[in-house]
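Before any comments, here is the structure.
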Amino acid sequence: MMPLRRLTKPLLGAIMAFGVALSAQAQMVSPSQDILPEQQQAQAVPDQVDEGPRADWQNPQYGNSFRSQQREDTDELPPFGANLFDGGFRGTMADGLNPGYTIKPGDQVTLRAWGAVEMDRVMPVDAQGNIFLPGIGPLSVQGLNSQQLDGQVRQAIKSVYPDNVQVYTNLQGVQPVGVFVTGYVEAPGRYAGTPSDSLLYFLDQAGGIDNDLGSYRAIRVVRDGNTIARVDLYDFLLDGDIPRPQFRDGDTIVVEERGPSIAVVGDVRREYRYELLGDGLSGDEVMRLARLQSGVSHVLLRGDRDIGPVAHYFDLAEFKGQTIRSGDEVLFSADQREDTIVVQVEGSYYGPSRFALPRDAHLLELLDAIAVPESMTAVESVSIKRESVAAQQEASLQESLRRLETTYLGASSSTNEEAKIRVQEAELIQKFVERARQAEPSGRLVVAHNDRISDIRLQDGDVITIPEISDSLLISGEVVVPQAVVFKPGLKVQDYIDSAGGYTQRGDDEHILVVRQNGAVRDADDITLRAGDEILVMPEVPTKNLQLATSITQILYQIAVATKVAVDL
């Protein structure tokens, strides 16, 4: 075995002497004449570049139009806690028998005593807060909890029957209450529950808090005109803490209007509008609320101050000490550039499959460090799969399909015959677009041209393919029997197609592509076949509309280049 660089040295000498003479590009096919409209053909790059200013970067603040657009976007953010009432707090009513419950008029107490005296009855708590013990008299129990109740009753009975008496008490049931829920809720009203039900139970019955106007941080429980509890639901959302006032009949829950707020977006787990208590929040508090994603390094803070609109860019350490004020917009971003990238190698080689490299590493540097089987590697067919190229191919394909639909599906007809043709064309286009949208571009970047490898800079996530030397040739697309056959020098494209049974009824003998091992795509008319190639017979477009046929053919070529697949119409 030997390094790949040594095998390719004769091919690369010119590159290394001259520098980077050739730039890598995602290889596009050169189809037959008139396939691409003139406006879509490659244009010469101008020698001069307009270096005039494109924006006034002297002003450290953002322009008003940009800020207005940002405000429109952030105004659509839901408030933090917007999903709180999706959990169904109203589903189960409390029974009121929790240990902290205190007895009030209307409750039911079960009493059993045996031994020196026999008692077995259920006694209501009267309006004065008393229960009546037979042979003993009234006993005040209002305000006691269940444990205190048992001791109080036992003491009263034993004061009359001191010996040989066993006592058992139980709080059997509680008096239902009606609680008013008002303020900024979806459905204000009076709702039934028990004294031990949580505030969330009553809010949920009222449809939850109005997400446009209601506050999640300023909620009051009012009794007889006095506020007996104040609730900040952020404590519950973040830590599970919530006050548990014991409700009485006629209590009122008031949800106040939402106060000043800030918008938090970007690389966070909670993109919301957060409500402020007081004048502002510290940057550290904002980070705790938003829950940053891994890798976040910087924060863009926009807002209005006495001096006018401001925009500042901080790293996380600086941001923690900042004061975030009402109306501010906070954008977290992973803007810290790593010092290394990770690339993957696949195919015919020795060694590890992944390499951690400096950010400015180039392809030839890596190939120089990779050993390959000397007699098994197609060194001239190295290629790279790159995520950014796949994304560009996908975006370009979707835009082509959109233009196709826009151009032909909305066309009008002047006669009945033309209308029938339009209907047939529409069916063809819809079926074609449906199939074409399923294509998944490979992102193959062709880095070899005329058997020379371009020394391009590598990117994080690149997959470098070093193929083995192949003895076969693949025939696919619109042929009767798609198959792989042994490559025989001297045979032409048509010879291989004939060996695969010839064209199908939909095969187009004027549009045949040859795909190289490195991903390069060429028209079959101007290429010499070699081992490892793939012959791809394109389908014929079943329409007499030349303009439509040209458009669809263009997209078929586009898909073939990006996926090495001929989409079946």
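Of all residues in the range 296-315, those being without any contact (Cβ under 8 Å) to a residue 24 or more places away in the chain and out of contact with any strand residue (DSSP E or B) (no Cβ under 9 Å at 6 or more places or on another chain) number 2.
For residues that are surrounded by fewer than 20 Cβ atoms within 10 Å (Cβ to Cβ) and farther than 12 Å from Leu84 by Cβ, scanning just the range 208-220, find the one that is nearest to the chain's Cα centre (by Cα). Among those that are surrounded by fewer than 20 Cβ atoms within 10 Å (Cβ to Cβ) and farther than 12 Å from Leu84 by Cβ, it is Asp212. The number of residues in the range 444-484 being under 19 Å from Ser381 (Cβ atoms), assigned to a strand (DSSP E or B) and open to solvent by 30 Å² or more (accessible area, probe 1.4 Å) comes to 7.
Looking at the structure I just gave you, is Arg67 out of contact with any Pro (no Cβ under 8 Å at 6 or more places or on another chain) and either part of a helix (DSSP H, G or I) or at pLDDT 85 or above (or both)? Lay out the reasoning, then the answer.
Numbers: out of contact with any Pro (no Cβ under 8 Å at 6 or more places or on another chain): no; either part of a helix (DSSP H, G or I) or at pLDDT 85 or above (or both): yes.
Spelling it out, it is not the case that Arg67 is out of contact with any Pro (no Cβ under 8 Å at 6 or more places or on another chain) and either part of a helix (DSSP H, G or I) or at pLDDT 85 or above (or both).
Pairs are defined by a Cβ separation below 9 Å, a sequence spacing of at least 6 or placement on different chains, a first member in the range 90-116 that is open to solvent by 70 Å² or more (accessible area, probe 1.4 Å) and at pLDDT below 75, and a second member that is part of a loop (DSSP other than H, G, I, E, B) and acidic (Asp, Glu); the pairs so defined are Met93/Asp197.
Do you know which of the residues in the range 530-552 that are modelled with pLDDT of 85 or more and either open to solvent by 10 Å² or more (accessible area, probe 1.4 Å) or among the basic types (Lys, Arg) (or both) is nearest to Asn518 (Cα to Cα)? Top of the filtered list is Gly532.
Of all residues in the range 162-204, which are open to solvent by 50 Å² or more (accessible area, probe 1.4 Å) and under 33 Å from the mean Cα position of the chain (by Cα)?
Step one: of the range 162-204, the residues open to solvent by 50 Å² or more (accessible area, probe 1.4 Å) are 162-164, 166, 168, 170, 172, 175-176, 180, 182, 184, 186, 188, 190, 192.
Once the filter is applied, which keeps residues that are open to solvent by 50 Å² or more (accessible area, probe 1.4 Å) and under 33 Å from the mean Cα position of the chain (by Cα), the range 162-204 yields Tyr184, Glu186.
Scanning the range 369-388 for residues being in a helix (DSSP H, G or I) and either within 17 Å of Val342 (Cα to Cα) or among the polar types (S, T, N, Q) (or both) gives a total of 3. Restrict the check to the range 401-409 and report whether at least one residue is closer than 17 Å to Ser551 by Cα, in contact with a helix residue (DSSP H, G or I) (Cβ under 7 Å, 6 or more places away or on another chain) and at pLDDT 85 or above. Among the residues of the range 401-409, at least one is closer than 17 Å to Ser551 by Cα, in contact with a helix residue (DSSP H, G or I) (Cβ under 7 Å, 6 or more places away or on another chain) and at pLDDT 85 or above, which makes the answer yes. Restricting Leu409, Leu397 to those that are under 19 Å from Ala560 (Cα atoms) and surrounded by 12 or more Cβ atoms within 10 Å (Cβ to Cβ) reduces the list to Leu397.
So which residues in the range 304-359 are modelled with pLDDT of 90 or more, closer than 25 Å to Ile466 by Cβ, charged (D, E, K, R) and under 29 Å from the mean Cα position of the chain (by Cα)? Arg354, the sole residue that qualifies. Quick one: would you say Gly519 is open to solvent by less than 20 Å² (accessible area, probe 1.4 Å), touching a helix residue (DSSP H, G or I) at 6+ places or on another chain (Cβ under 9 Å) and at positive phi? Considered against the rule, which asks whether it is open to solvent by less than 20 Å² (accessible area, probe 1.4 Å), touching a helix residue (DSSP H, G or I) at 6+ places or on another chain (Cβ under 9 Å) and at positive phi, Gly519 comes out as yes.
So, in the range 331-355, how many residues would count as being of a type in the set (Gly, Ala, Ser) and either part of a strand (DSSP E or B) or open to solvent by less than 30 Å² (accessible area, probe 1.4 Å) (or both)? Before you say what the answer is, go through the steps one by one.
Going through the range 331-355, the residues of a type in the set (Gly, Ala, Ser) turn out to be 333-334, 347-348, 351, 353.
Narrowing the set further to residues that are either part of a strand (DSSP E or B) or open to solvent by less than 30 Å² (accessible area, probe 1.4 Å) (or both) leaves 333, 347-348.
Going through the range 331-355 one residue at a time, the tally reaches 3.
Regarding Pro358, is this residue more than 30 Å from Thr550 (Cβ to Cβ) and open to solvent by 60 Å² or more (accessible area, probe 1.4 Å)? Give the derivation first.
On the way: more than 30 Å from Thr550 (Cβ to Cβ): yes; open to solvent by 60 Å² or more (accessible area, probe 1.4 Å): yes.
Against the criterion (more than 30 Å from Thr550 (Cβ to Cβ) and open to solvent by 60 Å² or more (accessible area, probe 1.4 Å)), Pro358 qualifies.
So is Asp328 of a type in the set (Asp, Glu) and open to solvent by less than 20 Å² (accessible area, probe 1.4 Å) or not? Yes, satisfied. Taking strands (runs of 3 or more DSSP E) as the structural unit, those lying wholly within the range 492-554 and holding at least 3 residues that are in contact with an Asp or Glu (Cβ under 7 Å, 6 or more places away or on another chain) correspond to 507-515, 534-539.
Within the range 221-241, can you find the residues that are surrounded by 15 or more Cβ atoms within 10 Å (Cβ to Cβ), more than 27 Å from the chain's Cα centre (by Cα) and closer than 21 Å to Arg291 by Cβ? Asp232 - this is the single residue of the range 221-241 that is surrounded by 15 or more Cβ atoms within 10 Å (Cβ to Cβ), more than 27 Å from the chain's Cα centre (by Cα) and closer than 21 Å to Arg291 by Cβ. Note on the range 135-246: enclosed strands (runs of 3 or more DSSP E) holding 2 or more residues that are at pLDDT 90 or above and of a type in the set (Lys, Arg) are 214-223.
The values are calculated or read from the model by the stated rules, or taken from the named source; none is laboratory data. All figures in this text were calculated on a predicted structure; none of them were measured in a lab. Note that we place each Cβ from the backbone using ideal geometry, even for glycine, and neighbour counts take in every protein chain shown. Keep in mind that these areas ignore ligands, DNA and RNA; they rest on the heavy atoms of the full protein, side chains included. Shrake-Rupley method; radii C 1.70, N 1.55, O 1.52, S 1.80 Å.
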